[in-house]
Amino acid sequence: MKFKLDFERCKGCEVCASACPKKILQMQHERINKSGYNTIACIDESACTGCALCATMCPDCAIIIE
Amino acid sequence: MPKFSRPKSLVDKQTHFCPGCLHGIIHRIIAEVIDELDVEGTTIGVFPVGCGVFGYWYLGCDTVSASHGRACAVATGVKRARPDRLVFSYQGDGDMMAIGTGEAIHAAARGENFTSIFVNNAIYGMTGGQMAPTSMPGQKTQTTPFGRDTAAAGFPIKSVEMFATLDGVALAQRVSVHDAKHVREAKAAIKKAFEIQLRGEGFSVIEVLSTCPTNWGMTPTNSIKWLEENMIPYYPLGVTKEGAVK
Amino acid sequence: MKKTLMKGNEAIAEAAIRAGCKCYFGYPITPQNEIGAYLSQHLHKKGGTFLQAESEIGAINMVYGCAATGTRCMTSSSSPGISLKTEGISYMVGADLPCVIVSVQRGGPGLGTIQPSQADYMQATKALGHGDVHVPVFAPCSVQEMVDITTEAFDLADEFLTPVVILLDGLLGQMMEPVSFGDDAVEQKREYPDWAVTGHENKREYRNITSLRLHPEELEETLIARQARMEGVKARTRSQAVNCEDADIVVVAYGTTARVIQSAMEMARAEGFKIGTFRPITVAPFPDKQIKAACKNAKQVLVVEMSLGQMVHDVKAALEFSVPVEFYGRQGGFVPGPEEIFEKIKEMTVSL
């Protein structure tokens, strides 16, 4: 199960983080994208069940679940 | 096939919406419904003035921009000229229930066979956070700096309850997009509305509760909580009318 | 040629049907109610749609939506209603959308009267909405001319991608005259124009029709392109000059008053006054060249209007103040009589 983020599309709103039942999505503050946002990051992909709640709640359609 | 991917009808373009603004979700579920019904080629969207005005970049169907408050009249003109097209308007609460009330009510009363999707985020977003006809009592906005005083600025309007009194309305329903479960219900409601339109059964209106983090002055996640705790009690979710009078 | 006796408003409605108008959106307001009433009875016979809107604002925005799909459409109203429509008209100009708008002038301002007037000349020719809004405006003065101009207006609107206004007054709308509609030409099937919003049917890129252009380069470009198009309309401006070659005074008027000044001229000519008349049929763009030619020998010009004087300014500007221009007007719904105009002519002659 693969959580895939479109790094340039994310606006760091964290809505996905609160939607994730496994609480494995957190903001990363190392890199900013072209629009100047820090983005979300998945801290433990093995725990990801592919439920896609994060993607459902992403206002920018920046999350793909493969 | 990925388990979750961008719908075809949602143009692959960075949106201008503020971080955490749920307009983006509403655009996506409309695009998902358009894909599922496979009607992108025969759909015409009407986008009036408001944060949602740039929907004509983001949705892959033909669109017409309307002046503020007149989307229901423009959509009437489009549908009367092309009854063979799926026509929807995407309006804000100011557009629908302030300046556009007349157009909205009469389109509904005439049973105009199009779908109005109107986003209730209890504020005017694009112009910087003024009071909307749906702003909550006590809600602070640019034009109610001390909180909306109902004695001076009146009470928020419950729209789909009002539309339910009009015989031409085939579906009036209030939904929300503040969590995944409700996003799915909102999508189902929009799909039902489009199907009602395709069967020519009359006017359908879907009121979508949404957030405005920037002008509410809250984080996206806190604004979702605020919606849940303040708006849903005042604006109960559900169908207020189904089945137009024939 | 078969002629039928018809009321102005109804003749315009019939001409619109024959011109292939498919949708009419309107709202009742005296003195133009017969246009909508007639179309509500007959438009559907040609597969057209009549719809009475919730307001003039609703009506013009329905026209906007319908025009965006490339479908021929029309609305009509009178003075206060035209004021309500001006925002929508500006949006249609900004989106380069064609339609026909009939303005049947009544006395104003405010509620005013339902009697005829020409006090909306500036509204129609200069102030139809915010922004640089310049649309062709025609001013017929007979029921036959109304029919001919309505037919032409739909073609002009489509050709120049613009609303076209037919400017009447309550008297012209209400009067009956024999009129012919020409042979019952078979209505040709019109294709949707290639700019229209029709649903891309997965055959082309998705398309938007808007007047929103946030970037100055974009907005300026569309304004300049539209102005260039309007230059093309200048070549279509029409007017009618009578007895101007030897005229000491040329009397200028449009619409109803143009008929009255004919009688005044005949009276004056009978008593040896060398009087000519000039009638703009297109009042926007104003027929500058034509009026200059008509007045080149005139010592004075007299403009007659049912208002406090509006077209008079266009006349002065067109003549570049090369000849003294006087004004005679009646307001409140009065139509000036030929005798009072003749009196004014005599008064002006004394000062010659």
Restricting to the stretch B:222-246, give me the number of residues that are buried (at least 17 other Cβ atoms within 10 Å of the Cβ) and part of a helix (DSSP H, G or I).
5
Name the residues in the stretch C:173-189 that are touching a Lys or Arg at 6+ places or on another chain (Cβ under 8 Å), under 21 Å from C:VAL102 (Cβ atoms) and either in a loop (DSSP other than H, G, I, E, B) or not assigned by TED's automatic domain parsing to the domain that holds C:THR151 (or both), would you?
C:MET175, C:SER180, C:PHE181, C:GLU187
So which helices (runs of 4 or more DSSP H) stay within the stretch B:47-142 end to end and still have 3 or more residues that are at pLDDT 95 or above and of a type outside the set (S, T, N, Q)?
B:71-81, B:101-109
Across the stretch C:1-28, the tally of residues that are touching a residue at least 60 places away in the same chain (Cβ under 8 Å) and assigned to a loop (DSSP other than H, G, I, E, B) stands at 6
Out of (1) within 7 Å of another protein chain (Cβ to nearest Cβ); (2) in contact (Cβ under 8 Å) with a residue 24 or more places away in the chain; (3) not charged (D, E, K, R), what's the single condition that is false for B:VAL39?
(1)
Taking only the stretch A:1-20 into account, find how many residues are part of a loop (DSSP other than H, G, I, E, B), farther than 14 Å from B:THR15 by Cβ and more than 7 Å from every other protein chain (Cβ to nearest Cβ).
4
May I ask you to verify whether A:CYS42 is crowded, with 19+ Cβ neighbours inside 10 Å and within 9 Å of the chain's Cα centre (by Cα)?
yes
On the basis of being more than 9 Å from chain C (Cβ to nearest Cβ) and closer than 27 Å to C:MET92 by Cβ, does B:SER89 make the cut?
yes
Could you please find all residues in the stretch B:102-120 being more than 24 Å from C:THR49 (Cα to Cα) and of a type in the set (Ser, Thr, Tyr)?
none
State whether one or more residues within the stretch C:159-168 are surrounded by fewer than 20 Cβ atoms within 10 Å (Cβ to Cβ) and either within 14 Å of chain B (Cβ to nearest Cβ) or modelled with pLDDT under 95 (or both).
no
If we scan the stretch C:48-63, do we find a residue that is in a loop (DSSP other than H, G, I, E, B), crowded, with 21+ Cβ neighbours inside 10 Å and of a type in the set (A, V, I, L, M)?
yes
Looking only at the stretch B:165-195, filter to residues that are of a type in the set (A, V, I, L, M, F, W, C), in a helix (DSSP H, G or I) and touching a residue at least 60 places away in the same chain (Cβ under 8 Å); which one of those is surrounded by the most Cβ atoms within 10 Å (Cβ to Cβ)?
B:ALA186
When you scan the stretch C:155-172, how many residues do you find that are charged (D, E, K, R) and either part of a strand (DSSP E or B) or closer than 25 Å to C:PRO31 by Cα (or both)?
1
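The values are calculated or read from the model by the stated rules, or taken from the named source; none is laboratory data. Note that the structure is predicted; figures quoted are calculated from it, not measured. For neighbour counting, all protein chains shown are included, and Cβ atoms are generated from backbone atoms with ideal geometry for every residue, glycine included.
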